[in-house]
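The values are calculated or read from the model by the stated rules, or taken from the named source; none is laboratory data. Bear in mind that the values here come from a model prediction, so they are computed numbers and not experimental data. Here the Cβ positions follow ideal geometry from the backbone for every residue, glycine too, while neighbour counts run over all protein chains shown. Each accessible area value is taken on the protein alone, full model and side chains, heavy atoms only, with ligands, DNA and RNA left out. Shrake-Rupley method; radii C 1.70, N 1.55, O 1.52, S 1.80 Å.
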Amino acid sequence: MAHHRLTLPFWEGFMVSGITRGPCRIEIVLSRDSAAPLICSCCGQSGLPVHDVTWRQIRELPMFGEPVLLRVPVARVRCHQCGPRTQAIAWLARHARISQGLMQFVAHWCSKLPVAHVCQLTGLHWETVRKIERAHLMRVLAQRPPAQPVRLVMDEFALFKGHRYATVVLDADTRQVLWVGQGRSREAIRPFFQWLGPERCQAIRAVAMDMSTAFDLEVRAHCRRAKVVYDLFHVIAKYGREVIDRVRVDEANRLRDERPARQIVKRARWLLLRNAGNLPADQQPKLLELLAANRALMTTYVLKAALKELWQPTSPWQWRIAWRNWLRMAYASGIEPLRRFASRLRPYWRGIVARMRWPMHTGQLEGINNRIKVMKRMAYGYRDSDFFFLKIKAAFPGNP
């Protein structure tokens, strides 16, 4: 053991009186610097007498790739206002066994690495790292100013396998994730509006979402002045699943005795679902040949393009004419999956025409959902959903 006394800036108020390097860690003994005043950790009064002293073992940042253990004499001071209180130490929280520097190190790297890797870097237990990160996330979120949203975006993402989902609510203007909750039912998202409060609910003017009845009803119940705006991507995806896929399968079954034609129809799924503008040049002749040979597929493909046009900017009167024309063509097609889809879509017309006034979509949340998936994969999943939701909200503070 070294017998010198060394004053270092990162252990303010203490001096190094001994260093021992063991087989698996470095132990450093500190002693109180007599020139540093003793401060009450409760009221901040300085220059107080010592009541008693206890030795505490503190985990510090690793050195030379090995864990560091500090032995620190922590005094209790005799405060005239508060009575016996633990002295205030600038680099150590009250009653803590881990230094502030190590806590900041853990909080920083937990945002970039899995918890298991941070445990290897610091030598701390997995649960200790999680507690440090949770406390850091809660401090970060508590320091943010109260959100004042005017436009919202709501969407869902897969939380676990087996159709278990969580709902994300985003401020469309600042791109801040306001709330994350497990489930996608009315009861699951109601706590968000309770957290928002009646006054801020009345300030909401528009909410973009997919054609979710639960989202729609809950928004109308709490934000009576808000317009619901349905997202084009979700409607077209639903059209692809319920109309194009169904018609393609029916046509393939109808061509059971014509094997070459049946194979062409069966393998044409991505040709029909992809946007015409994204189709490679070598695939376009195949698409034209397919549509020319099959009237039902031609009709559904053309009406998909016409459906997209309903989201293009125009006047309300022109939109109303286009909407009625689309419904008339869908019903007149004689294609049962298409007629069924049109009947289901018809009650949602207000959410489609609302985009003429509020040009919103859920594309902002789609990008965030992709980053959420990366966070989930990096940690190999989260057992504690509340902790996962804290990480999501801290990772997307938005733009001021």
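Check GLU187 against each of (1) among the acidic types (Asp, Glu); (2) crowded, with 19+ Cβ neighbours inside 10 Å; (3) more than 28 Å from TYR380 (Cβ to Cβ) and name the one condition it does not meet.
Status for GLU187: all satisfied but (2).
Need a quick list: helices (runs of 4 or more DSSP H) entirely within segment 269-321 having at least 2 residues that are touching a residue at least 40 places away in the same chain (Cβ under 8 Å).
Once the helices (runs of 4 or more DSSP H) in segment 269-321 are filtered for at least 2 residues that are touching a residue at least 40 places away in the same chain (Cβ under 8 Å), what remains is 295-309.
Exactly one condition in (1) within 18 Å of LEU92 (Cα to Cα); (2) part of a loop (DSSP other than H, G, I, E, B) is false for GLU60; which is it?
(2)
Do you know which of the residues in segment 193-227 that are surrounded by 19 or more Cβ atoms within 10 Å (Cβ to Cβ) and among the β-branched types (Val, Ile, Thr) is nearest to the chain's Cα centre (by Cα)?
VAL207
Surrounded by fewer than 19 Cβ atoms within 10 Å (Cβ to Cβ), within 34 Å of the chain's Cα centre (by Cα) and without any contact (Cβ under 8 Å) to a residue 24 or more places away in the chain: does that describe TRP349?
no
Listed here are the residues, each with its yes/no results for (1) over 44 Å from the mean Cα position of the chain (by Cα); (2) open to solvent by 50 Å² or more (accessible area, probe 1.4 Å); (3) not polar (S, T, N, Q).
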position: TRP55; (1), (2), (3): no, yes, yes
position: LEU61; (1), (2), (3): no, yes, yes
position: GLY65; (1), (2), (3): no, yes, yes
position: VAL74; (1), (2), (3): no, no, yes
position: THR86; (1), (2), (3): no, no, no
position: ALA107; (1), (2), (3): no, no, yes
position: SER111; (1), (2), (3): no, yes, no
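From the set of residues in segment 228-274 that are touching a helix residue (DSSP H, G or I) at 6+ places or on another chain (Cβ under 6 Å) and under 30 Å from GLN202 (Cβ atoms), which is surrounded by the most Cβ atoms within 10 Å (Cβ to Cβ)?
The selected residue is VAL229.
When the residues of segment 179-203 are filtered to those that are touching a residue at least 40 places away in the same chain (Cβ under 8 Å) and in contact with a strand residue (DSSP E or B) (Cβ under 6 Å, 6 or more places away or on another chain), which remaining residue is farthest from ASN399 (Cα to Cα)?
Taking the candidates together, the pick is GLN182.
Condition (residue is at positive phi and loosely packed, with under 13 Cβ neighbours inside 10 Å) applied to segment 357-378: is it met by at least one residue?
Checked against the condition, which is being at positive phi and loosely packed, with under 13 Cβ neighbours inside 10 Å, segment 357-378 yields no hits at all.
Which condition from (1) crowded, with 16+ Cβ neighbours inside 10 Å; (2) within 30 Å of LEU217 (Cβ to Cβ); (3) among the aromatic types (Phe, Trp, Tyr) is the one that TYR301 breaks?
(2)
Mind checking which pairs have a first residue in segment 75-100 that is touching a residue at least 12 places away in the same chain (Cβ under 8 Å) and aromatic (Phe, Trp, Tyr) and a second that is open to solvent by less than 60 Å² (accessible area, probe 1.4 Å) and not in a strand (DSSP E or B), Cβ under 7 Å, 6 or more apart or different chains?
TRP91/TRP11; TRP91/SER99; TRP91/GLY101
Residue check: is ALA96 of a type in the set (Gly, Ala, Ser) and over 41 Å from the mean Cα position of the chain (by Cα)?
The answer is no for ALA96.
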